[in-house]
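Notes follow once the structure below has been shown.
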Amino acid sequence: MIPRPVHVFDPVARALDVVGDKWTLVLVRHLLPGPRGFQELRVRTGIAPRVLSARLRKMIEAGFVEQVSIEGRSGYAVTDAGRDLEPIISAIARWYVHHAISDLGLDTDPFTETSATSIFESLPQLLRDERAKDANVTFEIRLTGEGGGVWTVAIKDGVCDVRSGFAEGADVRYTADARIWCGVALGFLDAREAAQNGQLSKEGGRQAMDHYFHQIARTQNGAVTGKERR
C-alpha cells in the first residue's frame, strides 16, 4: 500500500512543504542583509507586484518575515525563523555555482542583463575556496554609469565580505563602467582585453579578482566554464 506523501515522516519533504515555494528562499535571501521596501524587493528580484504581495503575506503568516517601518515607510524584515534559513540559502547558491551551471549546461546568456548589485551580493557564493583559503586581500571597485557605485570586497582566510563604500587601504582598485565590470566578473568579457581597450583600469598589487571567483560564462563551443581570466 502506497501512503500519501503527507503521512510520511520525511524532514526534507515536510520542510519543503513550508519553504518550497519558488520565491520564499529568494525573498529571505534579499532580506538577510537588512529590511527592504516593497519596490526595492521588486527591483532585486523582478517579481510581479501581485505575486510579490501574495508571497510576502504568506511569509508573514508563516513567521519568516515581519512588517517594519523604514524611515517612516513600510518595509519588510526577516524574523529569527527566517534568518535560520541562511545556511540553506547559502548551500543552494553554492550548489548552483559548483554543479548546476556546469553539469546541467544552463543558459547563462540572460545574465548579461544583471546588475552590479546582484553580482556583488553573490560574490561570497562565487568564491573559489581552494584559492581563497590563505588569502588576505582587499579590492575596491569603482563603477560608473547606470548601476554604478563603490564597493569593497575583502577576502580573508576563505571568507568573502562585501560592503558598499570605499575601502581603507585597498590592495587593488578597479575602475570601469558598471556594464563592463559585470561582463568581466561573470566571464563574458576578458579582463585583460578590457584593460587593453581602456574599458577597465586596475591599480595596486598583482592580485586579480577573477583568480578568486568562479565565472559562469559559456565558451565558444557552448560548454559552461569556470575558466579563469586575468
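The values are calculated or read from the model by the stated rules, or taken from the named source; none is laboratory data. Fair warning: this is a prediction, and the values are worked out from it, not measured in the lab. Counting neighbours? That spans all protein chains shown, and the Cβs are built from the backbone with ideal geometry, glycine included.
Across segment 178-197, the qualifying residues are those that are in contact (Cβ under 8 Å) with a residue 24 or more places away in the chain and over 19 Å from residue 110 (Cα atoms), and the one among them that is surrounded by the fewest Cβ atoms within 10 Å (Cβ to Cβ) is 192.
When segment 126-145 is filtered for residues that are assigned to a loop (DSSP other than H, G, I, E, B) and either touching a strand residue (DSSP E or B) at 6+ places or on another chain (Cβ under 9 Å) or of a type in the set (Phe, Trp, Tyr) (or both), the ones remaining, listed by number, are 128, 135, 145. The single condition among (1) assigned by TED's automatic domain parsing to the domain that holds residue 19; (2) more than 17 Å from residue 28 (Cα to Cα) that residue 60 does not satisfy is (2).
Regarding residue 77, is this residue assigned by TED's automatic domain parsing to the domain that holds residue 27, of a type in the set (Gly, Ala, Ser) and buried (at least 16 other Cβ atoms within 10 Å of the Cβ)? Break it down stepwise before answering.
Working: assigned by TED's automatic domain parsing to the domain that holds residue 27: yes; of a type in the set (Gly, Ala, Ser): yes; buried (at least 16 other Cβ atoms within 10 Å of the Cβ): yes.
For residue 77, the condition - assigned by TED's automatic domain parsing to the domain that holds residue 27, of a type in the set (Gly, Ala, Ser) and buried (at least 16 other Cβ atoms within 10 Å of the Cβ) - is met.
Residue by residue, here is whether (1) at pLDDT below 95; (2) in contact with a Phe, Trp or Tyr (Cβ under 6 Å, 6 or more places away or on another chain); (3) of a type in the set (A, V, I, L, M, F, W, C); (4) within 30 Å of residue 164 (Cβ to Cβ) holds:
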| position | (1), (2), (3), (4) |
| --- | --- |
| 4 | yes, no, no, no |
| 8 | yes, no, yes, no |
| 11 | yes, no, no, no |
| 15 | yes, no, yes, no |
| 18 | yes, no, yes, no |
| 21 | yes, no, no, yes |
| 41 | no, no, yes, yes |
| 45 | yes, no, no, yes |
| 52 | no, no, yes, yes |
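Looking at segment 10-35, which of the residues that are over 16 Å from the mean Cα position of the chain (by Cα) and basic (Lys, Arg) is nearest to residue 90 (Cα to Cα)? By that ranking, first place goes to 22. Scanning segment 198-226 for residues being more than 13 Å from residue 109 (Cα to Cα), modelled with pLDDT under 90 and over 19 Å from the mean Cα position of the chain (by Cα) gives a total of 1.
Considering only residues that are of a type outside the set (Ser, Thr, Tyr) and part of a loop (DSSP other than H, G, I, E, B), which ones fall in segment 60-107?
If we filter segment 60-107 for residues that are of a type outside the set (Ser, Thr, Tyr), which is where we start, we get 60-68, 70-73, 75, 77-78, 80-89, 91-95, 97-101, 103-107.
Once the filter is applied, which keeps residues that are of a type outside the set (Ser, Thr, Tyr) and part of a loop (DSSP other than H, G, I, E, B), segment 60-107 yields 63, 64, 71, 72, 84, 85, 105, 106, 107.
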